[in-house]
Structures are given as C-alpha cells and as structure tokens.
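Below is one structure; the comments refer to it alone.
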Amino acid sequence: MDRVVVVGASLAGLRAAETLRNEGFGGQVVVVGAEQHRPYDRPPLSKKVLAGEWEPERIYLRQPDSFDELDVEWRLGVAAAGLDLDGGILHLADGTDILFDGCIIATGAVCRQLAEQSRHAHVHELRTLDDSMRLRAELSGGDHHAVVIGAGFIGLEVAATAKQLGNRVTVLEGAPAPLIRGLGPEMGAAIGAMHAERGVDIRCGVQVEGLHEDGVLLAGGELIESDLVVVGIGVVPATAWLDDSGLEIRDGIVCDATLNARSIDGGVRRGVYAAGDVLRWPNHLFDEEMRVEHWTNAAEQGAAAARNLLAVSCGNEPEPYAPVPFFWSDQFDIRVQFLGCSSPEDDVHVAAGSVDDGKFLALYRTGDKLHGALGVNSPRWVMKMRGSLAAGASWADAIAVAENFE
Ligand SMILES: Cc1cc2nc3c(=O)[nH]c(=O)nc-3n(C[C@H](O)[C@H](O)[C@H](O)COP(=O)(O)OP(=O)(O)OC[C@H]3O[C@@H](n4cnc5c(N)ncnc54)[C@H](O)[C@@H]3O)c2cc1C
C-alpha cells in the first residue's frame, strides 16, 4: 500500500493514523475531517468544558507539535462525499478526489434531531466542540429553566452540569425510566432517583409533541415553558455519504469480526475497514453483533482496524476484535462505569454495596452467564469483574467473585 486514507478526524481516526505509523507503515497517510478542529476529546464537552472549568485547548488529543510529528496529511474542514470502491477513490465535498490503496472509515455519529429543530435558536444539541461552546455561553448565567429532552447518558450529563451552574432543570423522557437502553429499567431508575435528590426534575413516560418558541409541547397539550432546550435523543451513524458506495449499511457500516467492511453483495471489501461509533460487527466474545458508542471502543477499534489493514496487506492473518466493552459517565458526584453488555431482558442483582448508599456493584445476567457489570461510585469493584467477563464466567462464579468485595 502506498496511501491509506482515514475518513473522520476524531478519536478512532486519530488512533488509526497513530497505529499505522507505530506499526511502521511508511506510505502516505491522509486524514479527512469534516470539522475544522484537529482531533479532540468529546467526553468533556458535556462535563468540564460545558461547565466552563476547562478551555478547548485542554481537550485536544495530542499536543500541537505532536500532531505534526505523526507525518500525516490533514484535510480538515472538508467532508467526504462519496466512496468509489472499485476505483479506490474518495470523493470530497470540495470536488477533489483522493486515490487510496487502504481506507479506514471513522466518521462516528451525528445527533438525531426532532422535526424543525434547526428553526429554533434556543434549541441545542451536543456532539461537537462548537455545540458545547454555544450551549456553555447560554447556560453559564445560571438563570434559565433548561429542558433536556432525552434521559440517556448525554442528556443526564448535560442536566447535571446545567443544574450545577445554577439553572432549574427538567428532563423529559418517553420511556418509563432514564438510561433504559444502557442500564435497563431498574438501574436506570436508581440513577434517575439520584438526579432527583440533587434537584433535577425528571419526568419519565412523557411524549414530546414538538418544539415551541416558548418551550416544549407535550402530547396532551401541556407546554413546558423554557428558554433553553437541549435535545439528547441519541445519535445515528454518519453513513449518509456512503449511500451509493456498495457497502452494506444497517444502522452503521456492517463489518466482519476483523472490522473489514462488508459490501451489499455479501463479501468483504479488501482494504476497507471501519472503527468507532460508525460500525457494527460481531463481537465473538459475547456472540453478539454490536455497535458501541463509547470512548474506549473508538480508541481500541481505531488501532485494531489499522493493525488488521496492515496485516492483510502484508499477507498476514487479521485478528478478530473481541473486547469486553467499557464506558463511564460522570453526573454530579456520581461516577457510572459499565463493563460488558446489557439487554432489557437481563436479570440484575446488586452484588456489593447498596443503591441507598449510592455506592454499589450490579451484575447483569443472561441465561446462566454473566453479561455485564455496573459500578456506581465503585471503580475497584467493577474493574475486578473484567476477568470474569473476558472469561465468559458463569453466573454462579461471578457472584462468588463479587461476594468477596468489601
Ligand atoms: C458530549 C459527549 C460526551 C461523551 N461522554 C462520554 C463518556 O463520558 N464516556 C464514554 O465512554 N464515551 C463518551 N462519549 C462518546 C465518545 O466520545 C464517542 O464514542 C467517540 O467520540 C467516538 O469516536 P469516533 O472517532 O468513532 O467518532 P466521532 O468522535 O463522532 O468523530 C467522527 C468524526 O468524523 C467526522 N465526520 C463525519 N462525517 C464525515 C465525513 N463525511 N467526512 C469527513 N469527516 C466526517 C465528524 O465531524 C467527527 O469529527 C461522549 C460523546 C459526546 C458527544
């Protein structure tokens, strides 16, 4: 390979470019990014940056001069517009093309929006540094009634930060409890109760009818008056630009176990890999196809995609990517950490600590196996479950491990 193009200049794309260099790839590496910024870290956007405690300079993923040391051509501020797989050509929105021998797609995800959202100046979303700075300028006065639509992780992090800045905060959620998709109903309700104790008004089971210039209109006619609304109703993978590419897209780029992208004819596309929030792949460790929208996965997958691209180009065997997924979320003084997987059907058991004390370990059970582990303000306990999850531990063995925790 003479030239590898990485599409998406964020965490997964940067880790891919770094790995190409660390593994000794001497050809050209071009990184294309739709944003003007060099790769930066997103988790602080809803926490320290939004709170005004950190300035943007602090969240870049490398020091300015060490970006240059990577010996990468950065094409920033221009989006990829199409991919010609047979010709090995990436088309950019400015009308230029890049020829490639290898391609790593890391375009992440974009916020799902409500109808006519962009027409309302007081309605925000949060995905980029620019979004965060816009929202921060509004929130910092501390005298708003902020309404957050959606009680997922981003919504609850924004709610916590907005409350800590002195604003009145209401969260609207259609499901019966917050965080159902990530933690299931029982643990989602436990985190929701912790928000309520800290002064956030969480209203679950309410349907948003639409946005209004004076706030948010609920089904049934109630208007929640607000001068500042944040829509946090999840993300969709940024794949619109791949619609005519011939790659298989199904809520993300469909990849094989080695992160090699599949085409609609069913085979894999030699030389085309994906990493981060944008793809789904079969994780053999859990026997599940998954798309993960969290930091650790994006970092590890970027590196894994680059290693596999290089391996195949040298005639070596690529390695399946089969991690124990991990994420964290900080809300007020609550640190949530999750290892493994969860599904709404899982049985959940508090194995150490107690929900009432706000410090506990909850284990998730599928069949007779350990599926996931949630730690709330208990980092040591949750991390100790990694070995059990990696080994596919039985439920009985996992409970026995947790029984020794103090
Ligand atoms: C506010 C916020 C807080 C978060 N907090 C946490 C947390 O506490 N813990 C945790 O585990 N995870 C957290 N995450 C999730 C984590 O940041 C993401 O999983 C991670 O950023 C995904 O990295 P990525 O490189 O796959 O995609 P992204 O970071 O989404 O980057 C994709 C990049 O590709 C660019 N792009 C898109 N389309 C194109 C195109 N056509 N051409 C060129 N470039 C394109 C985008 O502009 C973007 O810069 C948070 C995310 C957000 C937004």
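For this structure, a couple of remarks:
- Region 297-317, subset crowded, with 16+ Cβ neighbours inside 10 Å and of a type outside the set (A, V, I, L, M), residue farthest from the ligand (Cβ to nearest atom): SER313
- Of the set (1) closer than 30 Å to ILE264 by Cβ; (2) within 11 Å of the ligand (Cβ to nearest atom), all apply to LEU85 but (2).
- Among the conditions (1) away from the ligand (no atom under 12 Å from the Cβ); (2) polar (S, T, N, Q); (3) modelled with pLDDT of 95 or more, GLN36 misses just one, which is (1).
- Some residue of region 49-63 being more than 8 Å from the ligand (Cβ to nearest atom), modelled with pLDDT of 95 or more and assigned to a strand (DSSP E or B): yes
Yes/no matrix, rows are residues, columns are (1) surrounded by 19 or more Cβ atoms within 10 Å (Cβ to Cβ); (2) at pLDDT 95 or above; (3) within 17 Å of MET194 (Cα to Cα):
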{"site": "VAL123", "(1), (2), (3)": "yes, yes, no"}
{"site": "ALA137", "(1), (2), (3)": "no, yes, no"}
{"site": "SER140", "(1), (2), (3)": "no, no, no"}
{"site": "ALA146", "(1), (2), (3)": "yes, yes, no"}
{"site": "GLY150", "(1), (2), (3)": "yes, yes, yes"}
{"site": "PHE153", "(1), (2), (3)": "yes, yes, yes"}
{"site": "ALA159", "(1), (2), (3)": "yes, yes, yes"}
{"site": "ALA162", "(1), (2), (3)": "yes, yes, yes"}
{"site": "GLY166", "(1), (2), (3)": "no, yes, no"}
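- For ALA402, the requirement of being assigned to a helix (DSSP H, G or I), over 28 Å from HIS195 (Cα atoms) and among the hydrophobic types (A, V, I, L, M, F, W, C) is not met.
- Some residue of region 221-235 being farther than 24 Å from SER132 by Cα and assigned to a helix (DSSP H, G or I): no
- Residue check for ARG280: modelled with pLDDT under 95 and either assigned to a strand (DSSP E or B) or more than 16 Å from the ligand (Cβ to nearest atom) (or both): no
- Residue, nearest to the ligand (Cβ to nearest atom), within region 236-254, restricted to residues that are over 28 Å from VAL123 (Cβ atoms) and in a loop (DSSP other than H, G, I, E, B): SER245
- Residue within region 255-274 that is within 15 Å of the ligand (Cβ to nearest atom), out of contact with any Leu (no Cβ under 9 Å at 6 or more places or on another chain), outside the structural domain of ALA151 (by TED's automatic domain parsing) and not polar (S, T, N, Q) present: no
- Of all residues in region 64-79 being in a helix (DSSP H, G or I) and of a type outside the set (Asp, Glu), the one that is surrounded by the most Cβ atoms within 10 Å (Cβ to Cβ): PHE67
The values are calculated or read from the model by the stated rules, or taken from the named source; none is laboratory data. Treat the numbers as computed from the prediction; the structure is a model and nothing was measured. Don't worry about glycine lacking a Cβ; one is built from the backbone with ideal geometry, like all the others, and counts go over all protein chains shown.
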